[in-house]
1. If you check 193, 163, which single one turns out to be within 16 Å of the ligand (Cβ to nearest atom) and buried (at least 17 other Cβ atoms within 10 Å of the Cβ)?
2. What number goes with the only condition from (1) over 17 Å from the mean Cα position of the chain (by Cα); (2) in contact (Cβ under 8 Å) with a residue 60 or more places away in the chain that residue 130 does not pass?
3. Any residue in region 60-76 that is closer than 10 Å to residue 273 by Cα, assigned to a helix (DSSP H, G or I) and in contact (Cβ under 8 Å) with a residue 60 or more places away in the chain?
4. So, residue 208, is that one within 16 Å of the ligand (Cβ to nearest atom), more than 20 Å from residue 115 (Cα to Cα) and within 20 Å of the chain's Cα centre (by Cα) or not?
5. Output the residue which, of all residues in region 223-232 that are within 16 Å of the ligand (Cβ to nearest atom) and in contact with a strand residue (DSSP E or B) (Cβ under 7 Å, 6 or more places away or on another chain), is nearest to residue 113 (Cα to Cα).
6. Having 1 or more residues that are touching a residue at least 24 places away in the same chain (Cβ under 8 Å) is the bar; report the helices (runs of 4 or more DSSP H) wholly within region 1-58 that clear it.
7. Check residue 137 against each of (1) under 24 Å from residue 65 (Cα atoms); (2) away from the ligand (no atom under 14 Å from the Cβ); (3) not in a strand (DSSP E or B) and name the one condition it does not meet.
8. Can you pull out every residue in region 89-128 that is surrounded by fewer than 22 Cβ atoms within 10 Å (Cβ to Cβ) and closer than 24 Å to residue 166 by Cα?
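The values are calculated or read from the model by the stated rules, or taken from the named source; none is laboratory data. Everything numeric here is computed off the predicted structure, so don't read it as measured data. Methodologically, a virtual Cβ is constructed for each residue, glycine included, from the backbone with ideal geometry; neighbour enumeration extends over all protein chains shown.
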Ligand SMILES: [Zn+2]
């Protein structure tokens, strides 16, 4: 079992943190493979904790969550309920996280952590990412610039309309440059927002390499990071992203990230239009979607 800390769901991580003795689960292990798996997991991590130096343990158990947003209109058009959030709601979410001691993780620290230059991260670190560069994201991003958000732009679609989201207007390079100047990290979302795993190698590489070149030309100081459109990726896509010169890549697989997470498969959790501040707190803590028992507000109250 050489998997990273965050491969397991939050419940398991909590039991590891609480140092629940594996022996306690021994009587249950015979009941089902799940209990046996949990017992083995706790045994494994208790062993790791015993063997590891303090610094090694801190590195193995350091992790962070990444939120992903798209639109900031709060219109909740049919089909956009999961990707559109009212700016007021976004501000409330950030206020609560801040009040509870959560601090943004700037991209350079995130990369340094994965490279091993930064051994561990303080607790309660999270990153804000926004995909697509839809025009209504510009103002909320500018307001939140001190929280080191990251914006992923489809470089050949800027100033046009988003063929992948109902033709919504996409911000232009001027706006993207202004955001960069305000402190927003700008990364790539390919050139045309196409599903990379479905392209031939040549086309895929043009999307990856071309977009990074355009980004560097248009935004001095742009970051060599990418968010795969629709989160779509496979081994070939991840390899091509690395070969194109990207340092890291974000998917839409849920979960938190730790030092063992493949940095070309970084996990993110999406914030939906109806998510209140507590829902976002849950997502930041666990990196996971809301559980089935979560009390959901009705649409009419969601603004
Ligand atoms: Zn996108």
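1. On inspection, the qualifying residue turns out to be 193.
2. (1)
3. Among the residues of region 60-76, not one is closer than 10 Å to residue 273 by Cα, assigned to a helix (DSSP H, G or I) and in contact (Cβ under 8 Å) with a residue 60 or more places away in the chain, which makes the answer no.
4. So residue 208 fits the description; yes.
5. 225
6. The helices (runs of 4 or more DSSP H) meeting that bar are 10-17, 33-51.
7. (2)
8. 89
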